[in-house]
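Engineer: Have a look at this one.
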Amino acid sequence: MKGRLLIKYLIAYILASAAALILVITLGSKLIYNRILDGTSRRLYSEVNRVANDASMKRIKDEESLQQTMSVLETLADYEGARILYITEGGTILLDTANPSDTAKHTVIQNFDPVALGSSYYTTGNFFGFFEEDQLTVIMPVSNEMQISGYLSIHMPLSALITEREAILRVVLLILGIIVALFMVVLVFISVSFQRPLTKIVAGAKEFAAGNLNHKIEVKSNDELGELGSTLNFMASELAKTGESQRNFISNVSHDFRSPLTSIKGYVEAILDGTIPHEMQDHYLEIVVNETKRLEKLTSGILTLNDINAKKTSLDLTEFDINGMIKATAELFEGICTKRRISIDLILAGSELSVLADYGKIQQVLYNLLDNAIKFSRDNSSIEIETSIRREKAYISVTDHGTGIPSGKLNKIWDRFYKVDASRGRDTKGTGLGLAIVRDIIDAHGQTVNVVSTEGAGSTFEFTLDLAKHD
Ligand code: ADP
């Protein structure tokens with residue numbers, strides 16, 4: 001498993017290098033050969049051309065002038081490593097730099113026909129069977145007073161060109177070999193430096209998959225791999241948090257359902273088996289009904305929270321008068337307020353205050369805040385609900401003069417199922433979901449909700465809403 005990536009890279013690299021090598025050896029060597037052939041023939045052509053048009057060449061008449069020309073041709077042939085022939089139209093060799101002393105022999109090239117060599121300025125082959133080995137030949141007529149007096153031809157064995165090609169190819173291959181080796185070192189270095197963090201990341205991902213979300217991937221590098229490592233770490237910590245909050249949620253729900261269910265079960269069993277006398281049954285049945293109501297409230301609270309979270313973006317925004325909504329909500333609590341002699345004072349900005357929000361959800365916010373304010377108020381006290389406009393927003397506050405909230409618990413009251421003191425008499429009826437619902441609704445509106453509270457003196461809950469836009 002370890003180093004698999006490196007081996008893959010190496011195999012791919014070796015294959016690519018081999019392909020490059022084959023390409024250089026085949027196509028490269030052909031191109032080099034063509035280039036040498038072309039360059040050499042051009043050079044030979046210009047040399048022969050120069051000699052053929054030389055005045056001394058045109059004046060060849062007797063043996064002496066022939067010898068003079070011979071020495072010129074010999075120098076050139078020596079310099080080029082080539083062989084030069086001076087041939088008559090009929091194919092008789094007058095001069096041959098390879099055989100300077102045999103010039104008098106006048107060898108005849110059978111079937112000598114310069115026209116058959118074509119129009120290209122060079123040819124390859126054995127030159128009408130004169131050479132045993134294939135040659136590069138450049139041939140040029142020597143003319144004297146508009147008459148062709150002979151042909152000057154220069155020959156270089158193709159094997160010499162091939163030797164030159166091989167020398168160049170060797171250098172190219174050597175350079176290629178050095179480059180391949182250098183790249184190989186770089187590749188191994190990069191792969192190894194990638195491999196260590198990658199191995200850690202893979203091992204970490206396996207730990208996460210196995211459920212060990214506390215594992216930390218230690219990749220410190222300041223690149224994409226480092227980023228990947230810290231993203232995975234972040235993902236694991238978020239998953240751990242979600243898992244924890246789900247476990248808390250389930251344990252809270254179970255706990256809050258169990259206590260009313262236990263008391264319902266206890267009272268109903270006691271009624272059935274006669275432990276509770278007939279005349280007391282109504283009293284205990286009333287307790288059973290209250291516990292059932294509590295279960296109902298808990299269930300609908302959980303459903304509401306679920307609903308808000310699931311449809312966070314789908315608020316049904318309308319323009320409505322928040323002052324009117326406050327009056328209507330306050331009226332709902334008239335019965336309990338009269339009973340406990342609590343007065344609700346409305347201090348409203350103007351007769352109407354038009355806001356843009358989800359009507360049903362804001363009604364729920366007001367209901368929850370007012371319900372809490374009454375629940376935690378002292379008898380014979382007052383509650384103020386106030387609306388105002390500040391910084392182009394509507395502010396709605398609910399103030400009570402009741403128990404207040406200890407400052408250390410203020411940030412916890414928004415958590416689901418949180419109750420400051422679950423054992424406190426009237427607090428036991430609560431579900432701990434009311435403020436979580438308030439916060440979720442206000443968050444979904446992109447607004448803010450705050451609390452100011454003094455223990456023993458009372459609390460003010462205030463939230464904002466967007467004003468309706470009137471043209
Ligand atoms: P509950 O159903 O218990 O009222 P909430 O989420 O509405 O649940 O409130 C959470 C806790 O915050 C309450 O149990 C209570 O301890 C505290 N709280 C909320 N509103 C007030 C208030 N107006 N005065 C004092 N304490 C409050």
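Engineer: Averaged per residue, what accessible area in Å² does the chain show with a 1.4 Å probe, protein chains only?
Structural biologist: On the way: 27700 Å² over 471 residues.
Result: 59 Å² per residue.
Engineer: I've got another one for you. In square angstrom, rounded to the nearest 10, how much accessible surface does H283 have for a 1.4 Å probe?
Structural biologist: Roll a 1.4 Å probe over it and H283 shows about 100 Å².
Engineer: Based on the mean of other Cβ atoms within 10 Å per residue, sort peptides 268-277, 149-158 so the most packed one is first. Write out the running numbers ahead of the final one.
Structural biologist: Details: 268-277: 11.9, 149-158: 21.8.
Highest mean packing first, the order is 149-158, 268-277.
Engineer: Mind checking which helices in the chain clear 18 Å along their axis (Cα) and have mean Kyte-Doolittle hydropathy of -0.5 or more, DSSP H runs only? Before the final figure, lay out each step's value.
Structural biologist: On the way: long enough: 4-23 (28 Å, 1.90); 29-52 (33 Å, -0.48); 63-80 (25 Å, -0.53); 158-209 (71 Å, 1.57); 224-272 (70 Å, -0.14); 281-310 (43 Å, -0.30); 359-375 (24 Å, -0.11).
Within the chain the helices that satisfy the rule are 4-23, 29-52, 158-209, 224-272, 281-310, 359-375.
Engineer: While we're here: Measure off 7 Å from each Cα along the Cα-to-Cβ vector at Q67 and F128, then give the distance between these two points in nanometres to one decimal.
Structural biologist: 2.8
Engineer: Kirkwood Rh, Cα Rg: Rg to Rh for the stretch 1-44? Kindly include the intermediate steps, with their values, before the conclusion.
Structural biologist: Values: Rg = 18.5 Å, Rh = 12.9 Å.
Taking Rh as the inverse mean 1/r over Cα pairs, Rg/Rh reads 1.43.
Engineer: Further question: Can I get the semi-axes of the stretch 250-296's equivalent ellipsoid? Compute them from the C-alpha gyration tensor as square roots of 5 times the eigenvalues, in angstrom, largest first.
Structural biologist: On the way: eigenvalues 110, 24, 5 Å².
The equivalent ellipsoid of the stretch 250-296 has semi-axes of 24, 11, 5 Å.
Engineer: If you don't mind, there's one more thing I want to ask. Can you work out the FRET efficiency for the pair I22 and A203, with r the C-beta to C-beta distance and R0 = 41 Å, to the nearest 0.05?
Structural biologist: Values: r = 41 Å, r/R0 = 0.99.
Calculated value: 0.50.
Engineer: Can you give me the convex hull volume of the Cα atoms of the stretch 350-458, divided per residue and expressed in Å³?
Structural biologist: Details: hull volume 13.0 nm³, N = 109.
Per-residue hull volume (Cα only) is 119 Å³.
Engineer: Related question: Evaluate E = 1/(1 + (r/R0)^6) for A328 and N222, where r is the Cβ-Cβ distance and R0 equals 56 Å; express this FRET efficiency to the nearest 0.05.
Structural biologist: Working: r = 60 Å, r/R0 = 1.07.
About 0.40, to the nearest 0.05.
Engineer: Here is a follow-up. Computing the accessible area with a 1.4 Å probe over protein heavy atoms, can you report the carbon and sulfur percentage for the chain?
Structural biologist: On the way: 15870 of 27700 Å².
Whole-percent figure for carbon plus sulfur exposure: 57.
Engineer: For labels at S351 and Q246 in the simple 7 Å Cα→Cβ model, what's the distance in nm?
Structural biologist: Label-label distance for S351 and Q246, simple model: 5.5 nm.
Engineer: Note down the nm distance, to one decimal, between modelled labels 7 Å out along Cα→Cβ at A270 and at L158.
Structural biologist: Distance between the two pseudo-spin positions: 11.9 nm.
Engineer: Extension gain M146-Y284, at 0.36 nm per residue separation less the Cα-Cα distance, in nm? Kindly include the intermediate steps, with their values, before the conclusion.
Structural biologist: Numbers: separation 138, 0.36 × 138 = 49.68 nm, distance 14.34 nm.
Length difference between fully extended and current span is 35.3 nm.
Engineer: Considering only Cα-Cα distances, which of the following residue pairs are longer than 26 Å: K339/K393; K297/K361; K361/K393?
Structural biologist: Details: K339/K393 36 Å; K297/K361 16 Å; K361/K393 18 Å.
As for pairs spanning more than 26 Å Cα to Cα, those are K339/K393.
Engineer: Quick check: convex hull of the Cα atoms in the stretch 127-242, volume per residue, rounded to a whole Å³? Provide the component values of the computation, followed by the final result.
Structural biologist: Values: hull volume 26.9 nm³, N = 116.
It is 232 Å³ per residue.
Engineer: Starting from the Cα coordinates of the chain, work out the convex hull volume and express it per residue in Å³. Walk me through the numbers before you get to the answer.
Structural biologist: Numbers: hull volume 159.5 nm³, N = 471.
So the per-residue hull volume is 339 Å³.
Engineer: Computed FRET efficiency, Cβ-Cβ of N34 and V171, R0 30 Å: what is it to the nearest 0.05? Could you put the intermediate results ahead of the total?
Structural biologist: Details: r = 17 Å, r/R0 = 0.58.
Calculated transfer efficiency: 0.95.
The values are calculated or read from the model by the stated rules, or taken from the named source; none is laboratory data. In this text, all values refer to a predicted model and were calculated from it rather than measured experimentally. Cβ: placed from backbone, ideal geometry, glycine included. Neighbour counts: every protein chain shown. When the accessible area is computed, the model is the full protein with side chains, heavy atoms only, and any ligands, DNA or RNA have been set aside. Shrake-Rupley method; radii C 1.70, N 1.55, O 1.52, S 1.80 Å.
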